[in-house]
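Reading through the C-alpha cells given below for one structure.
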Amino acid sequence: MDATTQSEVSMNVVSLRQAHTSLAAPTHTLLTVHHMRTARRVHLLDIENLCGTSHLTENMVAYVVDAYRREVGIGSVDHLVVGVSHHNALAVGRILPHARLCVRSGADGADLALLDILDREQLEERFVEICLGSGDGIFTNVAVRTAVRGGRVRVVAGLAAASRRLRLAAGTFTQLSFTSSSQEHA
C-alpha cells in the first residue's frame, strides 16, 4: 500500500478519556476501551463445596444459592460460573439455568475446572471483583496471584469449612449464614 492509500484508510484512535475532553472528535474516531472494567463481578461457585457435600439435590442447591444471593448478591450484569461434577450437573442446571456450567468429574474436578478459568481468562482485567464461592484451600495460590495482578478477590464459604490460608489470601471473606440445617433441604 503506498502512502496516499494508507492515509486515506487510516482512522484516528483515541482513548475514551481523550474523547471526553475533546469537544469535536473526528467523524471516524474509534474509542479504545480495552482496559476498562465495568462494575461487573464474576461469581465462581464450587457448588459442591458451598453445599458441603458431593451429593446434591435441587432443593439443596436452591437453598445455598438463595443464601449466597442474600449475602453476596448477584447483579443483573454479573457473570455466574459454576464448577460441578457430572452427576450433579442436572440439579445445578435446573436451579441456575443461565449460569455457565463447567463440568469436570473425578477428584477435585469442579475445583480444577474453576482453576482453569482463573488461570486462563484474565478475570481481574474484566471484572471489578472475583467472588470465589468455595472454602477449599486449593484456590489459595490463585487468589494470591490474582490479588498481586490487581484483582479484588472475595472468598465466600458455605456449609463446608473454609481454609485458613484461603481466608487470609482473600481481600474480603464472607461466611454464608443459614437459618436452618441443610438436611431439611436435601
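Please treat every number below as a calculation from the coordinates, not as lab data. Because the structure is predicted, anything quoted here is derived from the model rather than measured.
Cα atoms only: what Rg and Dmax, in Å, come out for segment 102-166?
Here Rg and the maximum Cα pair distance are 11.6, 32 Å.
What does the extension gain come out to for ARG145 and HIS98, with contour length at 0.36 nm per residue minus their alpha carbon separation?
14.1 nm
Test of understanding: what is the full-extension gain from HIS86 to GLU58, defined as 0.36 nm times their sequence separation minus their Cα-Cα distance?
8.6 nm
Between ARG120 and ASP66, 0.36 nm times their residue separation minus their Cα-Cα distance comes to what?
Separation in residues times 0.36 nm, less the Cα-Cα distance, equals 16.5 nm.
On average over all directions, what projected area in square nanometres does segment 50-130 have, based on the convex hull of its Cα atoms?
5.5 nm²
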